[in-house]
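Below is one structure, written out as structure tokens; the observations come after it.
The values are calculated or read from the model by the stated rules, or taken from the named source; none is laboratory data. Keep in mind it's a predicted model, so treat the numbers as computed, not measured. Glycine also receives a Cβ, built like all others from the backbone with ideal geometry; neighbour counts cover every protein chain displayed.
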Amino acid sequence: MTDRVLHYRFDKKTPERLDKFLVEKLQEFSRSRIQGLIADGFVDVDGRAAKKAGQTLEDGFNVTVRIPPPVPTDLIPEQIPLDILFENEDLIVVNKPAGMVVHPAVGHASGTLVNAVLGYDPDIEGIGGEERPGVVHRLDKGTSGLILLAKNERAHRWLQDQFRLRKVEKTYLALVDGKPPTPSGRVETYIGRDPRHRKRMAIVSESRGREAISEYKTIEAFKDHTLLEFHPFTGRTHQIRLHCAFLGCPIVGDEIYGRKKLSVEIERHFLHAYRLKIVLPGEKEPRIFEAALPDELDHVLTALRA
């Protein structure tokens, strides 16, 4: 693959920063990505390499941008079966099983969703100049359900904006011990790192955390349990699990925020990303994706109904 070369002419009477000008022209790239291209010598101004991202452009200046092909990463493609619900040239919608980590990290260098997607699509265009799918949002290792991965930079930015601007409607199903104070409601808290356990999150004061908002409603009530539908408006780490515990009805099987003694036979926590409503890149009307409850969770409900 060769560099993609783009030519622009700056036709404004008011001088402007080079990186700001290119952010307007290259909307598929983030500002940091553009600044990286400038720093690495891939941007010329009037035939000479740009000096810095903040270089001033004057009326009549010509700007040339060379976009190199994505470089391989140290991520290893792996042939791991995927439940793909939708795919086009921009993204993949996957029904992630419980137990699978989304992105490689310390202690999880392989076997992740990203490794699996690279194994499924070795020709992926990549994000940030590297051959890797773009993770737009995450699910906990123990949470199953819908997750999106962008296949190129333009789609990654579009999807990030949809989540950042809270235009995405996410629906989760959670079986909890007991019942919430009211059949339906809204939870508004602040979530931050637990000061006593750094690997856990906690409900904290406004000054120490970030706003976390969820709405819920009861779907089915049992003697000692309740099946809730959750709609998170923010995407904080462990948000739904913490909000359930905050309401006094922790998620069944949650080893961190739930009850120490299991109330049903289950080997994971009962939280599933069930539905996602989102406008895809290049489209105007939202699409709705759904992932049915996995068998191990459906069997729990069947037992409770019996």
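Worth a mention:
- Every residue from region 68-92 that is over 18 Å from ASP140 (Cα atoms), within 20 Å of the chain's Cα centre (by Cα) and modelled with pLDDT of 90 or more: ILE84, LEU85, PHE86, GLU87, ASN88, GLU89, ASP90, LEU91, ILE92
- Considering the conditions (1) over 25 Å from ARG268 (Cβ atoms); (2) crowded, with 22+ Cβ neighbours inside 10 Å; (3) in contact with a Lys or Arg (Cβ under 8 Å, 6 or more places away or on another chain), ASP121 is excluded by exactly one of them, (2).
- Entry remark, region 195-206: residues being over 30 Å from PHE222 (Cα atoms) and surrounded by 16 or more Cβ atoms within 10 Å (Cβ to Cβ) number 1 in total.
- Taking each residue of region 87-107 that is free of Cβ contacts under 8 Å to residues at least 40 places away in the same chain and farther than 23 Å from LYS277 by Cα and looking for partners that are among the hydrophobic types (A, V, I, L, M, F, W, C) and in a loop (DSSP other than H, G, I, E, B) with beta-carbon atoms closer than 7 Å, six or more apart or interchain, yields PRO104/LEU75.
- Test for LEU139: is it outside the structural domain of ARG275 (by TED's automatic domain parsing), closer than 20 Å to PRO294 by Cα and in a loop (DSSP other than H, G, I, E, B): yes
- The residue pairs whose first member lies in region 17-34 and is without any contact (Cβ under 8 Å) to a residue 60 or more places away in the chain, whose second member is part of a helix (DSSP H, G or I) and loosely packed, with under 14 Cβ neighbours inside 10 Å, and whose beta carbons are closer than 6 Å, counting only pairs six or more residues apart or on different chains, are VAL23/ARG31.
- Filter result for VAL117 (assigned to a helix (DSSP H, G or I) and of a type in the set (Val, Ile, Thr)): yes
One line per residue, one yes/no per condition, for (1) under 15 Å from GLU16 (Cβ atoms); (2) at pLDDT below 90; (3) in a loop (DSSP other than H, G, I, E, B):
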residue: GLY41; (1), (2), (3): no, yes, yes
residue: ARG66; (1), (2), (3): no, yes, no
residue: VAL94; (1), (2), (3): no, no, no
residue: MET100; (1), (2), (3): no, no, yes
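- Within the option set HIS225, HIS269, HIS243, HIS238, being on the phi > 0 side of the Ramachandran plot and in contact with a strand residue (DSSP E or B) (Cβ under 9 Å, 6 or more places away or on another chain) holds for one residue only, HIS238.
- Residue count, region 278-306 (criterion: assigned to a helix (DSSP H, G or I) and buried (at least 18 other Cβ atoms within 10 Å of the Cβ)): 3
- Any chance PHE21 is modelled with pLDDT of 90 or more, surrounded by 13 or more Cβ atoms within 10 Å (Cβ to Cβ) and either at negative phi or among the aromatic types (Phe, Trp, Tyr) (or both): yes
- Restricting region 132-179 to residues that are under 19 Å from LEU82 (Cα atoms), within 14 Å of the chain's Cα centre (by Cα) and among the charged types (D, E, K, R), the residue that is surrounded by the most Cβ atoms within 10 Å (Cβ to Cβ): LYS151
Per-residue answers, yes or no, for (1) among the aliphatic types (A, V, I, L, M); (2) touching a Lys or Arg at 6+ places or on another chain (Cβ under 9 Å):
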{"position": "ASP90", "(1), (2)": "no, yes"}
{"position": "VAL136", "(1), (2)": "yes, no"}
{"position": "ASN152", "(1), (2)": "no, no"}
{"position": "ALA155", "(1), (2)": "yes, no"}
{"position": "ARG166", "(1), (2)": "no, no"}
{"position": "PRO180", "(1), (2)": "no, no"}
{"position": "TYR190", "(1), (2)": "no, yes"}
{"position": "ARG198", "(1), (2)": "no, no"}
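- Residue match in region 211-219 (condition: farther than 30 Å from HIS299 by Cβ, within 20 Å of the chain's Cα centre (by Cα), at pLDDT 95 or above and of a type outside the set (A, V, I, L, M, F, W, C)): yes
- When we screen PHE10, PHE29 for residues that are touching an Asp or Glu at 6+ places or on another chain (Cβ under 8 Å) and modelled with pLDDT under 85, the only hit is PHE29.
- Only one entry in ARG275, ARG236, ARG198 is among the charged types (D, E, K, R), outside any helix (DSSP H, G or I), under 28 Å from LEU165 (Cα atoms) and modelled with pLDDT under 95, namely ARG236.
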